[in-house]
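J.: The structure under discussion is supplied below as structure tokens; questions concerning it will follow.
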Amino acid sequence: MRAIWKGAVSFGLVSISVKLFSATEEKDIRFHQVHRTDGGRIKYKRVCSVDGEEVSYDDIAKGYDIGGGEMVILTDEDFSDLPLTTSHAIDVLAFVPADQIDPIMYAKAYYLEPEGQAAKPYVLLRDALTDADRVAIVKVALRQREQLATLRVRDDVLVLNTMLWPDEVRTPDFGFLDEHVETRPAELAMASSLIDSMAASFKPDEFTDNYRAALQEVIDAKVEGREVVTPEEAEEAPAAAVDLMAALKASVERAKAARGEKPEARARAIEATPLKAAAKKTATTKKAAPAKKTAAAKKTTTTAAKKATPAKKAAKKSA
């Protein structure tokens, strides 16, 4: 890595000489604009819109449009006269809890390496930040611009995260925020169940850029003159669900199936309820039939007994 800035971290009366390195890099595949027929690179000329002449880098300055066709031209001397006290210093302003900083304010990350004999105060600041469980709010000037930033510890190295200024973060202004949208408790419970079923620990190495890998495969195939292997199509996203509860329930079952978990016992019981009810009803009907038959037989016996009683009395009288 190549250092892009040199300066010192200052907090209190302590000064730590450091070098700044970019902590991240983009892995995107870059292309050049070329002529389709012969592959020649397309070049652009810096042409003045007033006289039409090509302009060299030495004759290019920064201009600020004030409207009405007027332009204020600023030179390098104008910028050098600006009072940037943090041009070669990282001034610590305060130490705050990390959870008080909204991640939306973070911009770019840099590693700090101690320079010369600054290893001991560097390690002292690093260990003190770790013990306090806080981050340092600092100001630093990078590329002729003063920026707000934080100092934190990652893998035993001090990391400088540049931040946006508060007025650079837009306030969301959407129509649905003024509408009264209610969610049912059952829907919220099912959504919470879906979150629980998809809960996991974040392991960055488990995620890959599939598009970049497929694009690199196409490029390699072109270079080697072989047939391009068509990547597998991603699963088609489901259409918008009409029944939110049904979609949530299906999502929960899908997430559990992806993890190899069995369906919930309660879900199985619910699905089996119609069959059990039908079987129970049939059994009840069959069981009740003999009882009805017994009652009819009992009624017939009683009637026969009543008819037999007068005959018995008549026979006794005749005797």
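J.: Name every residue in region 1-11 that is open to solvent by 40 Å² or more (accessible area, probe 1.4 Å) and either of a type in the set (Val, Ile, Thr) or part of a strand (DSSP E or B) (or both), in order of residue number. Write out each step before concluding.
T.: Initially, region 1-11 is screened for residues open to solvent by 40 Å² or more (accessible area, probe 1.4 Å), giving 1-2, 4, 6, 11.
Listed by number, the residues that qualify are 4, 6, 11.
J.: Return a yes/no flag: does region 174-184 have any residue that is without any contact (Cβ under 8 Å) to a residue 24 or more places away in the chain and in contact with a strand residue (DSSP E or B) (Cβ under 9 Å, 6 or more places away or on another chain).
T.: Within region 174-184 (the criterion being without any contact (Cβ under 8 Å) to a residue 24 or more places away in the chain and in contact with a strand residue (DSSP E or B) (Cβ under 9 Å, 6 or more places away or on another chain)), the answer is no, since none of the residues qualifies.
Let's see how each residue does on (1) closer than 18 Å to residue 17 by Cα; (2) more than 24 Å from the chain's Cα centre (by Cα):
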| residue | (1), (2) |
| --- | --- |
| 105 | no, no |
| 116 | yes, yes |
| 121 | yes, yes |
| 125 | yes, yes |
| 130 | no, yes |
| 133 | no, yes |
| 139 | yes, yes |
| 150 | yes, no |
| 153 | yes, no |
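J.: With respect to residue 221, is the statement that it is of a type in the set (A, V, I, L, M, F, W, C), over 19 Å from residue 193 (Cβ atoms), modelled with pLDDT under 55 and part of a helix (DSSP H, G or I) true?
T.: No; evaluated as a whole, the condition is false for this residue.
J.: Identify, from the list 96, 138, 72, 123, the residue that is more than 24 Å from residue 8 (Cα to Cα) and among the β-branched types (Val, Ile, Thr).
T.: Working: 96 fails: more than 24 Å from residue 8 (Cα to Cα); 138 fails: more than 24 Å from residue 8 (Cα to Cα); 123 fails: more than 24 Å from residue 8 (Cα to Cα).
Testing whether each residue is more than 24 Å from residue 8 (Cα to Cα) and among the β-branched types (Val, Ile, Thr) leaves just 72.
J.: Sticking with this structure for a sec: Step by step: first the residues of region 12-55, then only those that are among the β-branched types (Val, Ile, Thr) and under 33 Å from the mean Cα position of the chain (by Cα), then the one that is most open to solvent (accessible area, probe 1.4 Å). Which residue is that? Spell out how you get there, then give the answer.
T.: So in region 12-55, the residues among the β-branched types (Val, Ile, Thr) come out as 14, 16, 18, 24, 29, 34, 37, 42, 47, 50, 55.
Now restrict to residues that are under 33 Å from the mean Cα position of the chain (by Cα): 24, 29.
On the way: 24: 79, 29: 31 Å².
Taking the candidates together, the pick is 24.
So that you can scan it fast, the table gives a plain yes or no per residue for (1) buried (at least 19 other Cβ atoms within 10 Å of the Cβ); (2) part of a strand (DSSP E or B); (3) not charged (D, E, K, R):
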{"site": "120", "(1), (2), (3)": "no, no, no"}
{"site": "123", "(1), (2), (3)": "no, no, yes"}
{"site": "129", "(1), (2), (3)": "no, no, yes"}
{"site": "136", "(1), (2), (3)": "yes, yes, yes"}
{"site": "140", "(1), (2), (3)": "yes, yes, yes"}
{"site": "148", "(1), (2), (3)": "no, yes, yes"}
{"site": "151", "(1), (2), (3)": "yes, yes, yes"}
{"site": "158", "(1), (2), (3)": "yes, yes, yes"}
{"site": "161", "(1), (2), (3)": "yes, yes, yes"}
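J.: Still on this structure: Looking at (1) modelled with pLDDT of 80 or more; (2) closer than 27 Å to residue 27 by Cβ, can you tell me which one residue 250 breaks?
T.: Result: residue 250 fails condition (2) only.
J.: A further question follows. Listed residues 107, 89; which is in contact with a Leu (Cβ under 7 Å, 6 or more places away or on another chain) and open to solvent by less than 100 Å² (accessible area, probe 1.4 Å)? Before the answer, list the steps.
T.: On the way: 89 fails: in contact with a Leu (Cβ under 7 Å, 6 or more places away or on another chain).
107 is the lone residue from the list that is in contact with a Leu (Cβ under 7 Å, 6 or more places away or on another chain) and open to solvent by less than 100 Å² (accessible area, probe 1.4 Å).
J.: Same structure, new question: Of all residues in region 179-210, count the ones that are over 30 Å from residue 244 (Cβ atoms) and either assigned to a loop (DSSP other than H, G, I, E, B) or over 18 Å from the mean Cα position of the chain (by Cα) (or both).
T.: Of the residues in that region, 3 qualify.
J.: Residue 95 versus (1) part of a strand (DSSP E or B); (2) in contact (Cβ under 8 Å) with a residue 60 or more places away in the chain: which is the lone unmet condition?
T.: Only one criterion is unmet by residue 95, namely (2).
J.: Determine if region 60-79 includes at least one residue that is at pLDDT 90 or above, loosely packed, with under 12 Cβ neighbours inside 10 Å and among the aromatic types (Phe, Trp, Tyr).
T.: Yes, region 60-79 contains a residue that is at pLDDT 90 or above, loosely packed, with under 12 Cβ neighbours inside 10 Å and among the aromatic types (Phe, Trp, Tyr).
J.: Keeping to region 169-193, report how many residues are modelled with pLDDT of 90 or more and surrounded by 11 or more Cβ atoms within 10 Å (Cβ to Cβ).
T.: Selection size over region 169-193: 1.
The values are calculated or read from the model by the stated rules, or taken from the named source; none is laboratory data. Because the structure is a prediction, the values reported are computed rather than measured. Glycine also receives a Cβ, built like all others from the backbone with ideal geometry; neighbour counts cover every protein chain displayed. Ligands, DNA and RNA are stripped out before the accessible areas are found, and what is left, the full protein with its side chains, is counted by its heavy atoms. Shrake-Rupley method; radii C 1.70, N 1.55, O 1.52, S 1.80 Å.
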